[in-house]
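Notes follow the structure.
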Amino acid sequence: MAGGIFVTGTDTGIGKTLITASLAWKFSKSIRKICVMKPFATGNSMYSKKFNSKDVAILTKAIKFEEKQENLNPYFYPLPCSPFMASSLLNLQPPSIGFAIKKFKFLQKKYDYLLVEGIGGLMVPINSRYTLLDFIKLTKLGVIIVATPKLGTFNHILLSVKNCRSNGIPIKGIVVNKMPSHPTLIEAKIPTFIQEFTKLPILGIIPTINNLKINESTFSKIAKLIDITPSN
Ligand SMILES: Nc1ncnc2c1ncn2[C@@H]1O[C@H](COP(=O)(O)OP(=O)(O)OP(=O)(O)O)[C@@H](O)[C@H]1O
Ligand SMILES: [Mg+2]
(Lines give C-alpha, C1' and ligand atoms only; values in the text may rest on other atoms or scores of the structure.)
(Ligands and ions follow the chains in the order given, each with its own letter.)
Protein backbone atom coordinates (compact mmCIF):
# COMPACT_ATOMS: atom_id res chain seq x y z
CA MET A 1 0.00 0.00 0.00
CA ALA A 2 1.22 3.49 -0.83
CA GLY A 3 2.61 5.74 1.87
CA GLY A 4 1.59 9.32 2.20
CA ILE A 5 1.02 12.44 4.23
CA PHE A 6 -2.11 14.47 4.85
CA VAL A 7 -1.38 18.20 5.08
CA THR A 8 -3.85 20.05 7.24
CA GLY A 9 -3.67 23.45 8.87
CA THR A 10 -5.01 25.61 11.64
CA ASP A 11 -6.90 27.79 9.19
CA THR A 12 -7.44 28.73 5.59
CA GLY A 13 -4.69 30.71 3.84
CA ILE A 14 -2.04 29.31 6.16
CA GLY A 15 0.21 27.80 3.46
CA LYS A 16 -1.04 24.22 3.09
CA THR A 17 -0.85 24.28 -0.70
CA LEU A 18 2.64 25.70 -0.79
CA ILE A 19 3.93 23.22 1.79
CA THR A 20 2.22 20.25 0.11
CA ALA A 21 3.58 21.25 -3.32
CA SER A 22 7.09 21.75 -1.91
CA LEU A 23 7.06 18.32 -0.25
CA ALA A 24 5.73 16.73 -3.44
CA TRP A 25 8.57 18.39 -5.35
CA LYS A 26 11.15 17.12 -2.83
CA PHE A 27 9.79 13.57 -2.55
CA SER A 28 9.47 13.23 -6.33
CA LYS A 29 13.27 13.20 -6.51
CA SER A 30 13.32 9.81 -4.78
CA ILE A 31 9.83 8.41 -5.53
CA ARG A 32 8.90 7.99 -9.18
CA LYS A 33 5.21 7.22 -8.79
CA ILE A 34 4.06 10.08 -6.60
CA CYS A 35 0.72 11.85 -6.70
CA VAL A 36 -1.05 14.81 -5.09
CA MET A 37 -4.70 15.04 -4.11
CA LYS A 38 -7.07 17.79 -2.99
CA PRO A 39 -10.27 15.84 -2.35
CA PHE A 40 -12.44 18.86 -1.52
CA ALA A 41 -11.97 22.36 -2.88
CA THR A 42 -13.98 25.57 -3.09
CA GLY A 43 -13.15 28.98 -4.50
CA ASN A 44 -14.52 32.17 -5.98
CA SER A 45 -14.76 30.62 -9.43
CA MET A 46 -13.27 27.95 -11.66
CA TYR A 47 -9.53 28.71 -11.83
CA SER A 48 -8.72 27.83 -15.44
CA LYS A 49 -9.86 25.73 -18.38
CA LYS A 50 -7.74 22.85 -17.13
CA PHE A 51 -8.24 23.16 -13.37
CA ASN A 52 -11.33 24.01 -11.34
CA SER A 53 -9.22 24.64 -8.26
CA LYS A 54 -6.17 26.91 -8.10
CA ASP A 55 -4.73 24.64 -5.41
CA VAL A 56 -4.83 21.65 -7.76
CA ALA A 57 -3.11 23.73 -10.44
CA ILE A 58 -0.30 24.57 -7.98
CA LEU A 59 0.02 21.03 -6.62
CA THR A 60 0.25 19.51 -10.10
CA LYS A 61 2.93 22.04 -11.05
CA ALA A 62 5.24 20.54 -8.42
CA ILE A 63 5.52 17.07 -9.97
CA LYS A 64 5.43 15.49 -13.41
CA PHE A 65 2.54 13.08 -13.79
CA GLU A 66 -0.68 12.58 -15.68
CA GLU A 67 -3.91 12.12 -13.78
CA LYS A 68 -7.51 13.08 -14.39
CA GLN A 69 -8.72 16.08 -12.42
CA GLU A 70 -11.78 14.10 -11.31
CA ASN A 71 -9.44 11.73 -9.43
CA LEU A 72 -7.25 14.41 -7.89
CA ASN A 73 -10.12 16.68 -6.97
CA PRO A 74 -13.46 14.88 -7.00
CA TYR A 75 -15.28 17.85 -5.45
CA PHE A 76 -15.11 21.54 -6.34
CA TYR A 77 -17.71 24.23 -5.59
CA PRO A 78 -17.38 27.78 -6.95
CA LEU A 79 -18.16 29.49 -3.65
CA PRO A 80 -15.42 30.34 -1.13
CA CYS A 81 -16.70 28.56 1.97
CA SER A 82 -16.95 25.03 3.34
CA PRO A 83 -18.11 22.30 0.94
CA PHE A 84 -21.20 21.81 3.14
CA MET A 85 -22.26 25.45 2.89
CA ALA A 86 -21.20 25.88 -0.74
CA SER A 87 -23.11 22.83 -1.94
CA SER A 88 -26.16 23.89 0.01
CA LEU A 89 -26.11 27.53 -1.17
CA LEU A 90 -25.56 26.43 -4.78
CA ASN A 91 -28.31 23.81 -4.57
CA LEU A 92 -25.84 21.07 -5.44
CA GLN A 93 -25.29 17.62 -3.97
CA PRO A 94 -22.85 17.82 -1.04
CA PRO A 95 -19.68 15.73 -1.20
CA SER A 96 -19.86 12.07 -0.25
CA ILE A 97 -17.02 11.03 2.06
CA GLY A 98 -17.37 7.48 0.71
CA PHE A 99 -16.90 8.59 -2.89
CA ALA A 100 -13.90 10.76 -2.00
CA ILE A 101 -12.33 7.81 -0.18
CA LYS A 102 -12.93 5.64 -3.24
CA LYS A 103 -10.90 8.13 -5.28
CA PHE A 104 -8.22 8.24 -2.57
CA LYS A 105 -7.95 4.43 -2.60
CA PHE A 106 -7.77 4.42 -6.40
CA LEU A 107 -4.79 6.79 -6.27
CA GLN A 108 -3.24 4.89 -3.38
CA LYS A 109 -3.27 1.71 -5.44
CA LYS A 110 -1.88 3.38 -8.54
CA TYR A 111 0.95 5.39 -6.93
CA ASP A 112 3.71 4.71 -4.41
CA TYR A 113 3.19 7.91 -2.45
CA LEU A 114 0.35 10.40 -1.97
CA LEU A 115 0.43 13.96 -0.66
CA VAL A 116 -3.07 15.04 0.23
CA GLU A 117 -4.07 18.63 1.01
CA GLY A 118 -7.06 19.27 3.26
CA ILE A 119 -9.37 22.26 3.10
CA GLY A 120 -9.32 25.00 5.75
CA GLY A 121 -8.83 23.25 9.10
CA LEU A 122 -9.76 19.87 10.57
CA MET A 123 -13.35 20.69 11.47
CA VAL A 124 -14.47 22.05 8.10
CA PRO A 125 -17.87 20.53 7.41
CA ILE A 126 -17.91 18.44 4.25
CA ASN A 127 -21.63 17.67 4.36
CA SER A 128 -24.38 17.84 6.98
CA ARG A 129 -22.87 14.92 8.95
CA TYR A 130 -19.14 14.80 8.44
CA THR A 131 -16.12 17.03 8.76
CA LEU A 132 -12.72 16.79 7.08
CA LEU A 133 -11.48 14.95 10.16
CA ASP A 134 -13.75 12.00 9.32
CA PHE A 135 -12.18 11.80 5.87
CA ILE A 136 -8.64 11.96 7.29
CA LYS A 137 -9.43 9.15 9.73
CA LEU A 138 -10.47 6.91 6.85
CA THR A 139 -7.28 7.60 4.90
CA LYS A 140 -5.24 6.29 7.87
CA LEU A 141 -2.51 8.78 6.89
CA GLY A 142 -0.44 10.74 9.37
CA VAL A 143 -0.85 14.50 9.30
CA ILE A 144 1.33 17.58 9.20
CA ILE A 145 -0.29 20.62 10.79
CA VAL A 146 0.61 23.92 9.11
CA ALA A 147 0.28 27.03 11.29
CA THR A 148 1.57 30.59 11.30
CA PRO A 149 3.02 32.51 14.26
CA LYS A 150 0.08 34.94 14.42
CA LEU A 151 -1.74 35.73 17.64
CA GLY A 152 -4.23 32.98 18.49
CA THR A 153 -2.23 30.23 16.83
CA PHE A 154 -1.47 28.39 20.09
CA ASN A 155 -5.17 27.85 20.69
CA HIS A 156 -5.77 26.70 17.10
CA ILE A 157 -2.80 24.35 17.18
CA LEU A 158 -3.87 22.78 20.48
CA LEU A 159 -7.43 22.34 19.24
CA SER A 160 -6.08 20.61 16.12
CA VAL A 161 -3.65 18.43 18.06
CA LYS A 162 -6.30 17.39 20.58
CA ASN A 163 -8.75 16.50 17.84
CA CYS A 164 -6.18 14.38 16.00
CA ARG A 165 -5.08 12.62 19.16
CA SER A 166 -8.59 11.83 20.36
CA ASN A 167 -9.41 10.41 16.92
CA GLY A 168 -6.31 8.24 16.62
CA ILE A 169 -4.79 10.32 13.82
CA PRO A 170 -0.98 10.24 14.01
CA ILE A 171 0.67 13.67 13.88
CA LYS A 172 4.04 13.79 12.13
CA GLY A 173 4.72 17.31 13.29
CA ILE A 174 4.01 20.98 12.87
CA VAL A 175 5.27 23.42 10.24
CA VAL A 176 5.31 27.08 11.24
CA ASN A 177 4.89 29.08 8.05
CA LYS A 178 5.14 32.80 7.27
CA MET A 179 7.57 33.70 10.03
CA PRO A 180 8.20 37.44 9.54
CA SER A 181 11.76 38.49 8.66
CA HIS A 182 11.80 40.64 11.79
CA PRO A 183 9.63 38.66 14.21
CA THR A 184 8.53 39.97 17.57
CA LEU A 185 9.82 38.06 20.59
CA ILE A 186 6.45 36.27 20.78
CA GLU A 187 6.51 35.25 17.10
CA ALA A 188 10.11 34.09 17.34
CA LYS A 189 9.46 32.01 20.45
CA ILE A 190 6.13 30.44 19.48
CA PRO A 191 7.67 27.32 17.81
CA THR A 192 9.66 26.48 20.97
CA PHE A 193 6.62 26.89 23.18
CA ILE A 194 4.44 24.80 20.86
CA GLN A 195 7.04 22.04 20.86
CA GLU A 196 7.36 22.14 24.63
CA PHE A 197 3.61 21.99 25.20
CA THR A 198 2.64 19.44 22.55
CA LYS A 199 5.86 17.36 22.57
CA LEU A 200 5.50 17.28 18.78
CA PRO A 201 8.40 18.04 16.46
CA ILE A 202 8.51 21.40 14.73
CA LEU A 203 9.37 20.11 11.26
CA GLY A 204 10.23 23.51 9.89
CA ILE A 205 9.99 27.26 10.26
CA ILE A 206 9.38 28.89 6.90
CA PRO A 207 9.98 32.62 6.50
CA THR A 208 7.57 34.96 4.78
CA ILE A 209 8.95 35.08 1.24
CA ASN A 210 8.66 38.43 -0.51
CA ASN A 211 7.29 38.39 -4.07
CA LEU A 212 6.72 34.66 -3.80
CA LYS A 213 6.56 32.87 -7.14
CA ILE A 214 5.04 29.45 -7.63
CA ASN A 215 8.00 27.69 -9.22
CA GLU A 216 10.66 25.02 -8.64
CA SER A 217 13.04 27.40 -6.97
CA THR A 218 10.41 28.30 -4.33
CA PHE A 219 9.43 24.65 -3.81
CA SER A 220 13.09 23.74 -3.37
CA LYS A 221 13.75 26.63 -0.96
CA ILE A 222 10.77 25.65 1.22
CA ALA A 223 11.40 21.90 1.05
CA LYS A 224 14.98 22.37 2.31
CA LEU A 225 13.56 23.95 5.47
CA ILE A 226 11.23 21.03 6.29
CA ASP A 227 12.78 18.13 8.14
CA ILE A 228 10.77 15.20 6.84
CA THR A 229 11.38 12.27 4.52
CA PRO A 230 8.81 10.01 2.83
CA SER A 231 9.51 7.31 5.42
CA ASN A 232 9.20 9.26 8.68
N1 LIG B 1 6.04 31.42 3.35
C2 LIG B 1 5.28 32.20 2.62
N3 LIG B 1 5.71 33.43 2.24
C4 LIG B 1 4.95 34.24 1.50
N5 LIG B 1 3.72 33.93 1.06
C6 LIG B 1 3.22 32.72 1.40
C7 LIG B 1 3.99 31.80 2.19
N8 LIG B 1 3.23 30.69 2.36
C9 LIG B 1 2.07 30.90 1.71
N10 LIG B 1 2.07 32.11 1.14
C11 LIG B 1 0.98 32.72 0.36
O12 LIG B 1 -0.15 32.79 1.22
C13 LIG B 1 -1.34 32.51 0.50
C14 LIG B 1 -2.03 31.31 1.12
O15 LIG B 1 -1.19 30.18 0.99
P16 LIG B 1 -1.76 28.77 0.55
O17 LIG B 1 -2.66 28.94 -0.63
O18 LIG B 1 -0.65 27.80 0.43
O19 LIG B 1 -2.66 28.49 1.86
P20 LIG B 1 -3.70 27.33 2.12
O21 LIG B 1 -3.60 27.00 3.56
O22 LIG B 1 -3.44 26.24 1.14
O23 LIG B 1 -5.08 28.04 1.82
P24 LIG B 1 -6.50 27.36 1.45
O25 LIG B 1 -7.21 27.22 2.73
O26 LIG B 1 -7.11 28.37 0.53
O27 LIG B 1 -6.22 26.05 0.77
C28 LIG B 1 -0.91 32.27 -0.96
O29 LIG B 1 -1.04 33.47 -1.66
C30 LIG B 1 0.54 31.86 -0.82
O31 LIG B 1 1.30 32.13 -1.98
MG1 LIG C 1 -4.70 25.48 -0.27
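If you roll a 1.4 Å probe over region 92-232 with all protein chains in place, what percent of the accessible area is carbon or sulfur?
Looking at region 92-232 in its full context, I get 59 percent from C and S.
Can you list the aspartates and glutamates whose alpha carbon is less than 18 Å from that of residue 103, not counting same-chain residues fewer than 8 positions off?
Residue 103 reaches 55, 66, 67, 70, 112, 117, 134.
Taking just the alpha carbons, could you work out the radius of gyration and Dmax for region 75-170, both in angstroms?
Cα only, region 75-170: 14.4, 42 Å (Rg, Dmax).
Between region 81-143 and region 1-79, what is the separation of their alpha carbon centroids in Å?
13 Å
Could you sort 182, 156 by their accessible area in this structure, using a 1.4 Å probe and putting the largest first?
Working: 182 165, 156 70 Å².
Sorted by accessible area, descending: 182, 156.
Please compute the net charge surrounding residue 167, taking Lys and Arg as +1 and Asp and Glu as -1 over other residues with Cβ under 11 Å from its Cβ.
+2
Ignoring ligands, DNA and RNA, what accessible area per residue does the chain give at 1.4 Å, in Å²?
Numbers: 11620 Å² over 232 residues.
Heavy-atom SASA per residue in the chain reads 50 Å².
Which of the DSSP-defined H helices in the chain satisfy a minimum axial length of 15 Å, computed from C-alpha atoms, and a minimum mean Kyte-Doolittle hydropathy of 0.5? Before the final figure, lay out the partial values.
Details: long enough: 16-27 (16 Å, 0.63); 97-110 (20 Å, -0.03); 153-166 (19 Å, 0.05); 185-198 (20 Å, 0.52).
Flagged H segments are 16-27, 185-198.
Which value in deg cm²/dmol, rounded to the nearest 500, describes the helix-derived mean residue ellipticity at 222 nm for the chain, given -39,500 (n - 2.57) per DSSP H run of n ≥ 4 and division by the residue count?
Calculated mean residue ellipticity at 222 nm is -11500 deg cm²/dmol.
For the chain, what is the relative contact order in percent, using Cα pairs closer than 8 Å and at least 6 residues apart in sequence?
For the chain, the relative contact order is 27 percent.
Can you tell me which lysines have their Cα less than 16 Å from the Cα of residue 26? Leave out same-chain residues fewer than eight positions away.
16, 61, 64, 221, 224
The values are calculated or read from the model by the stated rules, or taken from the named source; none is laboratory data. Predicted model only: the values in this text are computed from it and were never measured. Heads up, the Cβs are rebuilt from the backbone with ideal geometry, glycines too, and the neighbour counts pull from every protein chain shown. Please note that ligands, DNA and RNA were not included when accessible areas were found on the heavy atoms of the full protein model with its side chains. Shrake-Rupley method; radii C 1.70, N 1.55, O 1.52, S 1.80 Å.
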